[in-house]
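Visitor: The following block contains the structure, expressed as structure tokens.
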Amino acid sequence: MSLLDNVKVFFDQAANKLSIDAHVRQMLEEPDRVIEVKIAGTEGGVPKVFKGYRVQHNNARGPYKGGLRYHPTVEMDEVIALAALMTWKCSLLNIPYGGGKGGVSCDPTKMTKEELEQVSRAFIRALMPNIGPTVDIPAPDVNTDGQVMAWMVDEATQIAGESMLPLLTGKPVSMGGSLGRAESTGYGVAITGIEALKKIGIEPKGATAAVQGFGKVGSWAAERLHKMGVKVVAVSDISGGYYCKDGLDIPDLMKYTATSKGHLIEGYSAPGITKITNEELLTLDVDLLCPCAMENQIDTEIAKRVRAKVISEGANGPVTADADAILSERGVVVIPDILANAGGVTVSYFEWVQNFQHISWTFDEVINKLDGMMIGCLNDVWEVAKSEKCSLRTAAFILAIKRVVDAMKLTGRI
Ligand code: GLU
């Protein structure tokens, strides 16, 4: 099943509980607008015409918001599903945004820095007529970062003839970015995971965790877990994984990936570590599992063998709908993506607020505010799951859908 099919199943499970009519479901599920653009560029010196996408899913609660990803698998249906997840994520955290998502179908591993800059500038130029600081606000996602945002802000500023800082979030701190934005997604994954462990009676200090993905999300999730006394026994990325029963030295590993080829963990060595595959990592006997890589990583086969007690979804859509049913049946607590990884867009919102107010908050102000919102939201979702006798995912969708339905009714759209 595709990500779009999976998101449909998750949406329907909540919509059924809320007894939402068919025409309203259609209004909520289908995107407001889909944009496809062509981008001339080169990939490893070879001239190419890339396809770029931006999906504006729903803006009943505020401007469209969501990242831009660069990956060879990017296509329209995937972007539609990811844009819908953004609508539910922003609504769940009660931040004043709707949902959007975009991306370019390209392979950044084959591209030089100059080629990436060329594509990034061309992409934002093509999107400019349809986005804006109070219209649609892109951000980083898979394979895009502060550098990409910096090129885009600059291009947009040149076109508009005025500062376009609040058009994009996830910018470098030296040019309007927020302290804590880099850490935010991973920190949210870690803090919700830790709170869920506590709720099921597991003391986080000394508990064990495995983290799939050691990029922008996974590395910071691992770092925070490590800092809070959780033993991170395994991490992995596309190059493979490492296991250490006494816990990996995460700060040391982060130092290594800061300068390693492609920022991969490949080639790292330390006493007591052994190599493991991504599949082995997902089925390790740990308390907490954080899939922070790509979608559809935990399928039915893996779900039957998962031994973690809690899963905190750092990636968007890492568990398929069929796998989700198996995990639920087996009593595994799954903190859904729209909650677990919402730290990123929450601090994007803080960044946007700071840009409009021309102020900057301290790192501690950002992280304390973020923690408060993430823990508060987890508590709300936990209560709804209890009262509705459903999974945390369905509970999260119920809360998120309700707010959007309210806004759609108030605006007369439904
Ligand atoms: N790409 C991130 C996400 O999937 C962050 C989006 C944003 O900051 O707008 O939530």
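The values are calculated or read from the model by the stated rules, or taken from the named source; none is laboratory data. What you are looking at is a predicted structure, and each value in this text was computed from that prediction instead of being measured. Glycine also receives a Cβ, built like all others from the backbone with ideal geometry; neighbour counts cover every protein chain displayed. Just the protein is used for accessible areas: all its heavy atoms, side chains included, with ligands, DNA and RNA removed. Shrake-Rupley method; radii C 1.70, N 1.55, O 1.52, S 1.80 Å.
Visitor: Comparing Ala396, Ala325, Ala308, which has the greatest mean-square fluctuation in the GNM of the chain with Cα pairs linked when under 10 Å apart?
Guide: Judging by the Gaussian network model, the answer is Ala325.
Visitor: For the chain, what is the per residue volume of the convex hull drawn over the alpha-carbon atoms, in cubic angstrom? Before the final figure, lay out each step's value.
Guide: Details: hull volume 54.6 nm³, N = 414.
Taking the convex hull of the Cα positions in the chain, it is 132 Å³ per residue.
Visitor: Another question about this same structure. Got the relative contact order for region 1-136 handy, in percent, Cα pairs under 8 Å and 6 or more residues apart?
Guide: Details: 236 pairs, mean separation 36.3, N = 136.
It rounds to 27 percent for region 1-136.
Visitor: Under a Cβ-Cβ cut-off of 10 Å, what is the net charge of the residues other than Arg121 that fall near it, where Lys and Arg count +1 and Asp and Glu count -1? It would help to have the intermediate numbers written out before the result.
Guide: Values: positive: Arg125; negative: Glu117, Asp154, Glu155.
Charge balance in the 10 Å sphere: -2.
Visitor: While we're looking at this one, here's another question. For region 239-318, report the convex hull volume of the alpha-carbon atoms normalised per residue, in Å³, without decimals.
Guide: Looking at region 239-318, the number lands at 103 Å³ per residue.
Visitor: Any chance you could list P(r) for region 1-146, counting all Cα-Cα pairs in 10 angstrom bins from zero, rounded to whole %?
Guide: All Cα pairs considered, the percentages come to 12, 41, 31, 14, 3, 0.
Visitor: For region 87-95, what does the Karplus curve 6.51 cos²θ - 1.76 cosθ + 1.60, with θ = phi - 60°, yield as ³J(HN,Hα) per residue in whole Hz, taken in order and with x for Gly and Pro?
Guide: 4, 6, 5, 5, 5, 4, 7, 6, 9
Visitor: Taking amide H atoms as placed 1.01 Å from N in the peptide plane, list the residues 5 or more away in sequence, or in a different chain, whose amide H sits under 5 Å from that of Lys65.
Guide: For Lys65, the qualifying residues are Gly98, Gly99, Gly100, Ile137.
Visitor: Residue-wise, which Karplus ³J(HN,Hα) couplings in Hz belong to region 267-278, taking 6.51 cos²θ - 1.76 cosθ + 1.60, θ = phi - 60°, and x for glycine or proline?
Guide: x, 6, 9, 7, x, x, 9, 10, 7, 9, 8, 4
Visitor: While we're looking at this one, here's another question. Whose amide H sits under 5 Å from the amide H of Val235, counting only residues 5 or more places off or on another chain, with H placed in the peptide plane?
Guide: Under 5 Å from the amide H of Val235 lie the amide H atoms of Val211, Tyr242, each far enough along the sequence or on another chain.
Visitor: List the pairs from Lys205/Lys369; Lys216/Lys255; Lys17/Lys402; Lys48/Lys216; Lys38/Lys171; Lys199/Lys389 whose alpha-carbon separation is above 19 Å, in the order I gave them.
Guide: In this structure, Lys205/Lys369; Lys48/Lys216; Lys38/Lys171 exceed 19 Å between Cα atoms.
Visitor: Moving to a separate point now. Give me the net charge of Glu388's neighbourhood, meaning all other residues with Cβ under 14 Å from the Cβ of Glu388; Lys, Arg count +1, Asp, Glu -1. Let's see the in-between values first.
Guide: Numbers: positive: Lys17, Lys386, Lys389, Arg393, Lys402; negative: Asp380, Glu383.
Once all neighbours under 14 Å are counted, the net charge is +3.
Visitor: I would also like to ask the following. Taking the Cα centroid of region 140-191 and of region 62-116, what is the distance between the two, rounded to the nearest whole Å?
Guide: Taking the Cα centre of each part, region 140-191 and region 62-116 sit 14 Å apart.
Visitor: Got a sec to turn the phi values of region 20-26 into Karplus ³J(HN,Hα) couplings, 6.51 cos²θ - 1.76 cosθ + 1.60 with θ = phi - 60°, whole Hz, x for Gly and Pro?
Guide: Once θ is set to phi - 60°, the couplings for region 20-26 become 7, 5, 4, 5, 5, 4, 4 Hz.
Visitor: Near Lys261, which aspartates and glutamates are there with a Cα under 15 Å away, not counting those fewer than 8 places off in the same chain?
Guide: Candidates past the 8-residue exclusion: Asp237.
Visitor: Separate question: Just list whichever of Lys8/Lys65; Lys101/Lys309; Lys51/Lys89 have alpha carbons separated by over 22 Å in the model shown. Show your work: numbers first, answer last.
Guide: On the way: Lys8/Lys65 20 Å; Lys101/Lys309 31 Å; Lys51/Lys89 26 Å.
Going by Cα-Cα distance, Lys101/Lys309; Lys51/Lys89 fall outside the 22 Å limit.
Visitor: Right, something else. Starting from the exponent 0.38 and prefactor 2.2 Å, build the expected Rg for region 28-98 from its residue count and divide its actual Cα Rg by it.
Guide: Output field value: 1.27.
Visitor: Determine by what factor the alpha-carbon radius of gyration of region 76-224 differs from 2.2 N^0.38 Å, reporting the quotient.
Guide: 1.18
Visitor: Restricting to Cα pairs below 8 Å that are 6+ residues apart, what does the relative contact order work out to for region 178-294? Please round to a whole percent.
Guide: Relative contact order here is 31 percent.
Visitor: Now a separate question. Per residue, how much accessible surface does the chain expose to a 1.4 Å probe? Answer in Å², no decimals.
Guide: On the way: 16430 Å² over 414 residues.
Using a 1.4 Å probe on heavy atoms only, each residue of the chain averages 40 Å².
Visitor: If you don't mind, there's one more thing I want to ask. Given region 321-414, report the % of alpha carbon pairs whose separation exceeds 19 Å. Can you show the working numbers first?
Guide: Values: 2411 of 4371 pairs.
Of all Cα-Cα distances in region 321-414, 55 percent exceed 19 Å.
Visitor: Something else now. Which whole-number percentage describes the relative contact order of the chain, with Cα contacts under 8 Å and a sequence gap of 6 or more? Don't jump to the answer; show the numbers that get you there.
Guide: Details: 870 pairs, mean separation 69.6, N = 414.
Once normalised by length, the contact order is 17 percent.
Visitor: Also, quick follow-up: Taking amide H positions as placed in the peptide plane 1.01 Å from N, state which residues far from Val334 in sequence (5 or more) or on other chains have amide H under 5 Å from it.
Guide: Ile311, Leu392
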